[in-house]
Ligand code: BES
Ligand code: ZN
């Protein structure tokens, strides 16, 4: 019975998490009355029982096989048996073949252990239960991955920039690490790791560990990650990768054709590290490198420790989209250093990070740009809230409320979370709030915590320390409430107001803003110009905009993700060829899902979407494929089993 309830709540949770920053479909609401895990710190997305036994260190010995599209090898866990009565180690797996399980005896010899691999659950994968009556200090699992592993993408040479060598990369967040390593796949467990990896000699292998910029490319690599990390930060990539430094501790890994452009685009990274250190204390991970992935990467960025994985779609030549780097870097404090203990507390990672990101942008590029980005995000939040179920509009669920959590990955976690911190900053002043946040990162460094721990810490170190500024009720309204509190600070951006005026004038009588104004517009102003357009425009209006600004065929994905859906809704099919090319070239969900969602609203668009998807699919990452399939199935009224996003 308990297991059924657990799965039910997990189903609701994942059903809602259609994709990061993509609003949840309206029907994907948490079921009122569905029971969440009783303990707020319990992770409904993992079978592991970390209260009984916990992994403190992981040693991987892996071989990458590009022909078979598999990883095979062993994972060895150093274990801390916390519960005196525990004799079982429960691991998460998905689509893994388990070859053997052994435990190390007191005499140092390895003996086989009994184990059971349960039938697969479509959301959680297969529970691996290992019998360890001797409570071995080390257990070793030999396994191989499936070519369809949800956390890996294997690319043919044709799908890379250089076109000569194959490429592979992992994306473990949220629950895909289990598809390439059997482990306790919950962020409440932190472990250090080492890895020995073999690959074809011409492939460079990188991991979320101590990559050596001077490493010899010989097909045999060793890694060490001495800081304890949660499983979703385990990462690997391999391909024709070269390094270009930005500073002594930072640089870019990319395919040779891309690396210099990337290093130029991200040239401010060292400055970003320095301003974040000044605000929030030392960078504790030694190197900070970035790996530019092929355009099929399903996200914008992933904060894998020491080496953020980055979409090439932010390399536009003018540094206008580098807030993504500020974001992934900020996770080195909020997320990687202080981590949510369950994905239900996503705002602790993404909200705090979005706030820190904005502070970095302000320090480096000024308040005007920071405010523009804030307003753009706040408008996306308002739009997102409209089609979101009530429950999903809260940052977190009260510990005593027995309903499943809503979508952890909408604008709520990011932008309402950041807005909440802006509110605290405004009330307490930076002179009090900055040291508070710095103290929070220090106090909980290398720990995983739930929202309730954040609240208790804020109560003691902010509310009680500076009485009369913010009440407990206000704090809880921000966290547990389902609206934007009236106490929300109003941020206005004069340049964006000018854009509003320009748009309104054009909509009223067709007068476009003067060239002298638009020539000076930043990317953010253009995005805001498009964001504020009505749902549909006339053909003439679309054609006029296109003639003036050449939106169709844009190389800027942020423009494309706004222009093409508007074109679809307006029936402006002039864009179709360029739009289809964009959908085939790019796999980043945030950029292409709005187009698919717009297309599937009408039968003709649905047919077009299916046609493009059929061609694009071989190049898409499994996560993107899952999202597109779900959008098409929803439009066709077909029920498909929930899979992890
Ligand atoms: N950690 C997230 C990506 C993520 C979240 C992957 C949840 C899987 C599940 C990353 O830091 C992120 O937020 N990326 C954003 C970019 C950012 C600038 C908002 C993205 O990919 O769009
Ligand atoms: Zn993030």
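Tabulated results
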read-out: Theoretical gain in end-to-end length, residue 382 to residue 122 [0.36 nm per residue, Cα-Cα removed]; value: 90.3 nm
read-out: Anisotropy class of the stretch 305-364 from Cα gyration tensor, a/c 1.5 cut; value: prolate
read-out: Mean residue ellipticity (222 nm) of the chain, computed from DSSP H runs ≥ 4 via -39,500 (n - 2.57), nearest 500; value: -11000 deg cm²/dmol
read-out: Burial ordering of 425, 303, fewest other beta-carbon atoms within 10 Å first; value: 425, 303
read-out: Spin-label model distance (nm) - residue 83 vs residue 550, 7 Å beyond Cα toward Cβ; value: 6.4
read-out: Pair residue 106, residue 400: separation of 7 Å Cα→Cβ label points (nm); value: 4.8
read-out: Which of 146, 260 has the fewest Cβ neighbours within 10 Å, and the rest in rising order; value: 260, 146
read-out: Contact order relative to length of the chain, as percent, for alpha carbon pairs under 8 angstrom and 6 or more apart; value: 14
read-out: At R0 = 60 Å, FRET efficiency that the Cβ-Cβ distance of residue 135 and residue 247 yields, to 0.05; value: 0.80
read-out: Gyration tensor verdict on the stretch 154-263 (Cα atoms; rounded if a/c is under 1.5, prolate if a/b is larger than b/c, oblate otherwise); value: prolate
read-out: Nearest-0.05 FRET efficiency for residue 390 and residue 264, computed from C-beta distance (R0 41 Å); value: 0.35
read-out: Gyration tensor verdict on the stretch 533-636 (Cα atoms; rounded if a/c is under 1.5, prolate if a/b is larger than b/c, oblate otherwise); value: prolate
read-out: Separation of the residue 52 and residue 278 label points, Cα + 7 Å toward Cβ, nm; value: 5.2
read-out: Full-extension gain in nm, residue 516 to residue 611, via 0.36 nm per residue minus C-alpha separation; value: 30.0 nm
read-out: Stretch gain in nm, segment residue 457-residue 368, where the contour uses 0.36 nm per residue and the Cα spacing is subtracted; value: 28.8 nm
read-out: Residue 72/residue 286 FRET efficiency (R0 25 Å; Cβ-Cβ; nearest 0.05); value: 0.25
read-out: Fewest-first sequence of 265, 134, 357, 540 by Cβ atoms within 10 Å of each Cβ; value: 540, 134, 265, 357
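We did not get these values from a lab; they are worked out from the coordinates using the rules stated. In this text the structure is predicted, and so the values were computed from the model without any measurement. No Cβ is skipped: glycine too gets one built from the backbone with ideal geometry, and neighbour counts run over all protein chains shown.
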